[in-house]
Amino acid sequence: MRIAVLGGGRSSEHDVSIASAASVADAIDPSLHEVIRVTIARDGAWTSDGHPVALVPAGGDLARLVRLDGGESADVDLVFPVLHGPWGEDGTVQGLCETVGVPYVGADVAASATGMDKALFHVLATAAGIPRVETVVILHAQWQADPAAVRDEVANTCGYPAFAKPARLGSSFGISPVPTADDLDAALELAFAHDDKALVERRALGREVEVGLLGNAEPHASPLGEILHDADWYDHDAKYEPGGMRLAVPADVPPAVQERARELAVAAWNAIGCSGLARVDFFLEGDQLYVSEINTIPGFTDTSVWGRLMAGDGFAYPDLVQQLIELATDRHAAKAAYRG
């Protein structure tokens, strides 16, 4: 197969995506597949080997990567998006692949959009009976029109300490701790600098734990892992600076908590209709688990949390990449059996 690996993107997570995409491309077995590396710049331009390109339909299940400078085009059998954040993890690139008609790795349009939008995920998770910390969803227009009403709702629903975050961003960009009511205004202004929708959540005073998922209709759930760090909270530097965090797999928790985490991870997967891969993040207060969010394209280097969680069940990184390729082709074939 000829596989186009997409990295970069227009979001604040561009650099993280570049590293993830390089790891994926390096891990694809060259005896099985030919890799075309595609970089999406911060302004949205697509290039491959320095040449401007565009993805267009080629008929059947193929796409064509067209050289916009007049060079030779290449047919593509499968797209492997390794894009974090808006304009990549949120269903936009997935929608392009659906329109073109080419198989692609990971969640479909609806699941990608719902996983990216923490406010939508909160609604679906709550409806599915998945435990969540107390949360308020706020539109920027609401905040501008009546900040006093927003302050009252946050105080009555979440209380303090809390966290404020943009609804559709990752890697801890735009997130602020909100220790007291006096800190809310500045925290929301930062969140609204990134998105017109924000969440304020009660700060869970416990441990941060995560489960990796791999599959389609019946995903495999990894052991529960625990994020350990010395920062006040799990911010961008703790996630990405060398030595900023440590991952314990499996987490030192009772067996019942370990099993409950896997069950809730699969429930979150099913709530959004996910496929391919995901990482589900939790807060653990005592023995009570709260689902924080689901990431449909988690960090994807061989040292990222998702790969290390899956390694806890014996999955080697190149094997994970190959399984994702096979899962994508299986899902595409299954979907083709239904009339649109």
Original post:
Under the condition of being hydrophobic (A, V, I, L, M, F, W, C) and more than 29 Å from residue 140 (Cα to Cα), which residue from segment 191-223 is surrounded by the most Cβ atoms within 10 Å (Cβ to Cβ)?
Top reply: 211
Original post:
Among the residues of segment 151-169, is there at least one that is within 30 Å of residue 94 (Cβ to Cβ), out of contact with any Lys or Arg (no Cβ under 8 Å at 6 or more places or on another chain), of a type in the set (D, E, K, R) and not assigned by TED's automatic domain parsing to the domain that holds residue 86?
Top reply: no
Original post:
residue 49 versus (1) of a type in the set (Asp, Glu); (2) closer than 30 Å to residue 184 by Cβ; (3) touching a residue at least 12 places away in the same chain (Cβ under 8 Å): which is the lone unmet condition?
Top reply: (2)
Original post:
Has segment 4-20 got any residue that is among the hydrophobic types (A, V, I, L, M, F, W, C), in contact with a helix residue (DSSP H, G or I) (Cβ under 9 Å, 6 or more places away or on another chain) and part of a loop (DSSP other than H, G, I, E, B)?
Top reply: no
**OP:** List the number of the failed condition for residue 169; all other conditions in (1) touching an Asp or Glu at 6+ places or on another chain (Cβ under 7 Å); (2) part of a helix (DSSP H, G or I) hold.
**Re:** (2)
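Taking the conditions exactly as written (among the acidic types (Asp, Glu), out of contact with any Pro (no Cβ under 6 Å at 6 or more places or on another chain) and in a strand (DSSP E or B)), does residue 293 satisfy them or not?
Details: among the acidic types (Asp, Glu): yes; out of contact with any Pro (no Cβ under 6 Å at 6 or more places or on another chain): yes; in a strand (DSSP E or B): yes.
So residue 293 fits the description; yes.
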**OP:** Say whether the condition of being part of a loop (DSSP other than H, G, I, E, B) and either exposed (fewer than 14 other Cβ atoms within 10 Å of the Cβ) or not assigned by TED's automatic domain parsing to the domain that holds residue 257 (or both) is met by at least one residue in segment 317-336.
**Re:** no
Original post:
Could you say which residue among 178, 150, 137, 154 is within 22 Å of the chain's Cα centre (by Cα) and not acidic (Asp, Glu)?
Top reply: 137
Original post:
In segment 16-37, is there at least one residue being over 30 Å from residue 316 (Cβ atoms) and under 25 Å from the mean Cα position of the chain (by Cα)?
Top reply: no
Subject >> So residue 188, is it assigned by TED's automatic domain parsing to the domain that holds residue 290, surrounded by 21 or more Cβ atoms within 10 Å (Cβ to Cβ) and at pLDDT 95 or above >> reply: no
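Out of curiosity, is residue 61 outside the structural domain of residue 296 (by TED's automatic domain parsing), touching a residue at least 60 places away in the same chain (Cβ under 8 Å), in a loop (DSSP other than H, G, I, E, B) and surrounded by fewer than 15 Cβ atoms within 10 Å (Cβ to Cβ)?
no
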Original post:
Tell me, which residue of segment 283-316 that is aromatic (Phe, Trp, Tyr) and under 26 Å from residue 166 (Cβ atoms) is surrounded by the most Cβ atoms within 10 Å (Cβ to Cβ)?
Top reply: 300
Original post:
Considering only residues of segment 64-93 that are in contact with a Pro (Cβ under 7 Å, 6 or more places away or on another chain) and within 15 Å of residue 7 (Cα to Cα), which is surrounded by the most Cβ atoms within 10 Å (Cβ to Cβ)?
Top reply: 88
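The values are calculated or read from the model by the stated rules, or taken from the named source; none is laboratory data. Please read all numbers here as calculations on a predicted model, not as lab measurements. Glycine gets a Cβ as well: all are built from the backbone with ideal geometry, and neighbour counts include every protein chain shown.
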